[in-house]
Amino acid sequence: MLYRQNLLLGAVLIIASELMFASMGACVKALSTSLPNEMTVFLRNIFGLLLLSPLILHNRAELLQTEIFHLHLLRAIAGLSAMYCFFYALGNLHLADGMLLKMTSPLFMPLIAMFWLGEKARRLTLMAIPVGFMGVALVLSPEGEFNWIALIGLLGGAFAALAKVTVRRLGHSEPSIRVICYFALFATPVSAVPMLWAWQTPTMHELGLALLVGMFGATGQFMLTRGYAVATASNVSPFTYFSVIFGATYGYLFWGETLSSTFIAGALLIAVAGIMALRGGRIKVRPEL
């Protein structure tokens, strides 16, 4: 075992990582007021690639050697699609709503694993799925009117689940750092394509926020990776829902956003279902950047 197991340290690291992700989400929401979503996604990816460039250039022969190139491509497409959906939801919904919809991926993961990897879901996981989607229904239609923007956030959760299950499949033979590097190498040029029609020269303030998005994202992923290394996922995964609390706090402080009773009820159902799915499922997903 690479790290000595420590539940308290794992919980602290997971909570700290979710603070970083909520901070990233707040920066994305701030950027959305002046930059198109395509620009925000592109800047996030290019800063991520710049951070990884020294490592890739120094170890490119070892890092990029793979026999399952197509799975890296699938993971990149799914992950980038999730990023577009997630960033769009953050820019157009209350911050807590966007953070919550990001947490729906555990509901989709058992279904994808069953149909793709042939893994059988346990009873607790199957029970969790309808509970979670009851919560999703409350978030999507809080006042009886269907929220199409929230549906995009939910679609992002589905894409994120596909990316995570693909990472699980890649984990049979690929080290995490190779998966991370391939994602950066694929996502950056693909996200650059919309710049042909969506380019907008960012101001220094916007570049600063974009840099913070990259820094918060990278720091959060490092803490998340270390947290799952020192404690089992089933024990610390409930702490990932702190991102919704942090998101709600940022939303209230900076945008005056408040939570409705239906959102709170939906959030509780999604959180309970997500915890049930992660505890009952057989999927052990390796954290990723």
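Results, tabulated for the structure shown:
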read-out: Charge dipole magnitude, Cβ of K and R +1, D and E -1 - the chain, Cα centre, debye nearest 20; value: 1000
read-out: Reported label for calculated mean projected area of the Cα convex hull in nm² given (1) 25.2; (2) 18.1; (3) 15.3; value: (3)
read-out: Highest-first arrangement of 62-74, 160-172, where packing means the average Cβ count within 10 Å; value: 160-172, 62-74
read-out: Highest average packing first - 20-32, 38-50, Cβ atoms within 10 Å; value: 20-32, 38-50
read-out: Burial order of peptide ranges 251-257, 194-200, 271-277, 128-134 (average beta-carbon count within 10 Å, highest first); value: 271-277, 128-134, 251-257, 194-200
read-out: Theoretical FRET efficiency, 1/(1+(r/R0)^6), r = Cβ-Cβ of L253 and F222, R0 25 Å, to 0.05; value: 0.45
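Every read-out reported here was derived from the displayed coordinates using simple, explicitly stated rules and does not represent laboratory data. As the structure is a computational prediction, the values presented were derived from the model and not from experiment. Heads up, the Cβs are rebuilt from the backbone with ideal geometry, glycines too, and the neighbour counts pull from every protein chain shown.
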